[in-house]
Amino acid sequence: MRGDRWVRSGLLSLSIAGLAGCAGTHTVADKDASGHLAISDYQSYAARYLDAKGQPTYDPKSLLDALEAGKAFNDAGMWALSSAAFDAAAAQLSWKEDTVQTPDDVANLIGTTLTSSAFGAYQGKIYQGSMIDYYQAINHLMLGDEANARVDFNRLQVRQDNAATQLKAYADSIDASAKSDLSNKDHESAKKSLAEVGPKIADGIKDLPGHLGASKIRLSAGDAMSAVFRATSSSESDKQSNKAKDMLKSANEASATRGGNAVLAYLTQELQRGKGGLNNKAIVLFEDGVGPSFKEFRVDLPLFIVSSKVTYTGLALPQFVPGHPAYGSLKVGSGTTQQETAVLTDLNEVAGLEFDAGYKGVVAKAVVSTVVKTVAQAAINNQVDKSKANPLIGGLLKLGTGAAQYALTKADTRAWVNLPDTLQMVVVDRPTDGVLTLTSALGEPVARIPLQQDVSSLVLVKASGTEGKPAVYVQSLPAHGVLAQNVTALQVARGL
């Protein structure tokens, strides 16, 4: 009986050790988020992060929760709430804008082998830092806060300048960790098993975008908006410097499509013509679709240790799942002057780069972890046999050790679920009648937007699905403290 108690205690300790590391609140489940996004129901989605008095309920100490809350508020036009949430997220993010090498906590997470990293705190990705700064800049633009928007764009520039170097440092850390784990003499069976499961392991990256280059880690749309900010700023120093020109050059190198390059070429031409400034332009920024995600796939086979003392052994790995568009693009204007938005940033490429860089380490860690846990399972089951327990009880205990290993074999599939699939842009002249018409790629009406005269305007459009109306927000640039206009469904219906 004492042996039975030892086994039960060991199983309990194993389960608690693994599950205790599960850190971070998730206010809105992924499935619920998908329901809101399918109909572009941003107001209801944002309300999930607020109590009856309109106070935030997300966990500011949970990076993923703060990221998703910040984006939900941004989508709903709640700019100040969004800014506060992204401030909380930035404080939790391991990757800082002024940190070039791999942060220690990320390196430590890479080296963890006893349990899945899915049980640890969410560390965040390099590109997610850029997304935070980008959305913070948009928040402050829409609030009419030019000073803080400038800070955000400056921070975004520093972060993006470091991003490629950080990506290389991350990949190098992954490679070093994988080599160290697999070179351990106690893990020879792990090294051998990699060749056996190679074809199955490749399923994790089979849907990655092709021809990924390090320049794609930059947000082209972020660099382009930084240039727009300089060109429309109320500060003459922004226009007189080469910042806008430099930002457009970086945006051009990172652009996801040739259509995006054409938009940037036109913007460069207009800046030259306006001697660094822009006037009476409509800058349409379109967030389309839902971004990439990850799903778990398992290789549940007795790959490493074939023994009657083992009831389960297997791998759990993440698989990259591409995002999907909503409208695909928007047509802007009417008649012979009508133009179409073009993709500047494809989040599948941005997220795919980092996933690809880390996948080798994820696989190595999963294989070594499986070996360690399987050896432990065999040892526990051996103790069951020695304990002279009732055969039925002993069999159940052995099944319990296999079940515990299955529970602790889990892929990290956490992702920032409400990011768009693409960030698109087009720049057009303000219509002579002052009303900008937006239609879908198929010609269906989306909105008619009145624009202020003698200034340029930022028109922010968001559509994560086609079952509901896109959200449209308008802000004059420079804003001079004027709050952004929200073009509601009622205004659209009236043709305003």
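The values are calculated or read from the model by the stated rules, or taken from the named source; none is laboratory data. Because the structure is predicted, anything quoted here is derived from the model rather than measured. Note that each Cβ is placed from the backbone with ideal geometry, even for glycine, and that neighbours are counted across all protein chains shown. Each accessible area value is taken on the protein alone, full model and side chains, heavy atoms only, with ligands, DNA and RNA left out. Shrake-Rupley method; radii C 1.70, N 1.55, O 1.52, S 1.80 Å.
One decimal place: the segment S183-D98 gains 27.3 nm when fully extended, by the rule 0.36 nm per residue minus the C-alpha distance. Taking a 20 Å limit on the Cα-Cα distance, which of the listed pairs K96/K125; K249/K275; K71/K295; K71/K168 fall beyond it? Long pairs (Cα-Cα over 20 Å): K71/K295; K71/K168. Of R448, R258, the order by accessible heavy-atom surface (1.4 Å probe, DNA, RNA and ligands excluded), from most exposed downward, is R258, R448. Highest mean packing comes first when the peptides 163-170, 346-353 are listed by Cβ atoms within 10 Å, giving 346-353, 163-170.
If R0 equals 51 Å, the separation of the Cβ atoms of A47 and D172 corresponds to a calculated FRET efficiency of about 0.70.
Annotation: amide H of D41 has no partner in the under-5 Å range at sequence separation 5 or more or interchain, hydrogens built in the peptide plane. 3J(HN,Hα) couplings calculated from phi for region 347-360 with the Karplus curve 6.51 cos²θ - 1.76 cosθ + 1.60 (θ = phi - 60°) are, in sequence order, 5, 5, 6, 5, 6, x, 4, 6, 4, 4, 5, x, 5, 4 Hz; Gly and Pro show x. Between K249 and R298, the distance separating the two model label sites (each 7 Å from Cα on the Cα→Cβ line) works out to 5.3 nm. Rounded to 0.05, the FRET efficiency of the S334 and S234 pair, given R0 = 30 Å and the Cβ-Cβ distance, is 0.45.
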